[in-house]
Amino acid sequence: MTDRVRNGRRFAIAAPLLLVPTLLAAAPTAGAAEQAPVAPAVAEASADQAADVGALRCSGKAVGLPFKWGKVSKTCSRTSAPTEKSMPVRWSVQSGTNQSACVQARMGDDRKPREWQSVGCGKKGDGKIKWDPNTMSMLEVRVKSMSPVHIATVSYY
């Protein structure tokens, strides 16, 4: 056997032994779950506050081409409250750019695609889209750049 093969085998045997202390140091302790802070219950919030909390948890990015709808962004799912019939969507283009966009959103549905609903045009905007009560679904967002030479990158939340 050559020295190169022997050294390779030695490393293959020694590598897991070198990683064990690193893995043990990164593992949480038994009491860590008990010490973690607990988030306030959403059940105590009003319907409007619950809608805002749910909307803030659902965020992502979408890109649009000049005067053409870009690929649909489906980065998050959301569950609506039993009394909720709409979902707020806020968005903005990258700050410090010449970007301008039109944004549409909808509640995702695999069986029957829903109609796209406008949530505004410009540099930022917000709107509400129809959302069935007590339903879990994907938020779908698409963007169209309103500049003839720039793409538009939109963050929605």
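Computed quantities for the displayed model
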item: Looking only at the range 70-85, and only at residues there that are more than 16 Å from the chain's Cα centre (by Cα) and surrounded by fewer than 16 Cβ atoms within 10 Å (Cβ to Cβ), the one that is farthest from Ser137 (Cα to Cα); result: Thr83
item: Flag for Ser137 being farther than 25 Å from Pro66 by Cα, part of a strand (DSSP E or B) and touching a residue at least 40 places away in the same chain (Cβ under 8 Å); result: yes
item: Verdict on Gln104 being buried (at least 18 other Cβ atoms within 10 Å of the Cβ) and part of a loop (DSSP other than H, G, I, E, B); result: no
item: Among (1) in contact with a strand residue (DSSP E or B) (Cβ under 7 Å, 6 or more places away or on another chain); (2) not small (Gly, Ala, Ser); (3) not in a strand (DSSP E or B), the one test that Val154 misses; result: (3)
item: Filter result (surrounded by 17 or more Cβ atoms within 10 Å (Cβ to Cβ) and either among the aliphatic types (A, V, I, L, M) or outside any strand (DSSP E or B) (or both)) within the range 122-134; result: Lys123, Ile129, Trp131
item: Selection status of Val141, touching a Phe, Trp or Tyr at 6+ places or on another chain (Cβ under 8 Å) and on the phi < 0 side of the Ramachandran plot; result: yes
item: Pairs where the first residue, in the range 69-82, is in the same structural domain as Asp110 (by TED's automatic domain parsing) and among the aromatic types (Phe, Trp, Tyr) and the second is part of a strand (DSSP E or B) and surrounded by 16 or more Cβ atoms within 10 Å (Cβ to Cβ), C-beta under 6 Å, 6+ apart; result: Trp69/Arg142; Trp69/Lys144
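The values are calculated or read from the model by the stated rules, or taken from the named source; none is laboratory data. This one's a predicted model, so the numbers in the text were calculated from it and none came from an experiment. No Cβ is skipped: glycine too gets one built from the backbone with ideal geometry, and neighbour counts run over all protein chains shown.
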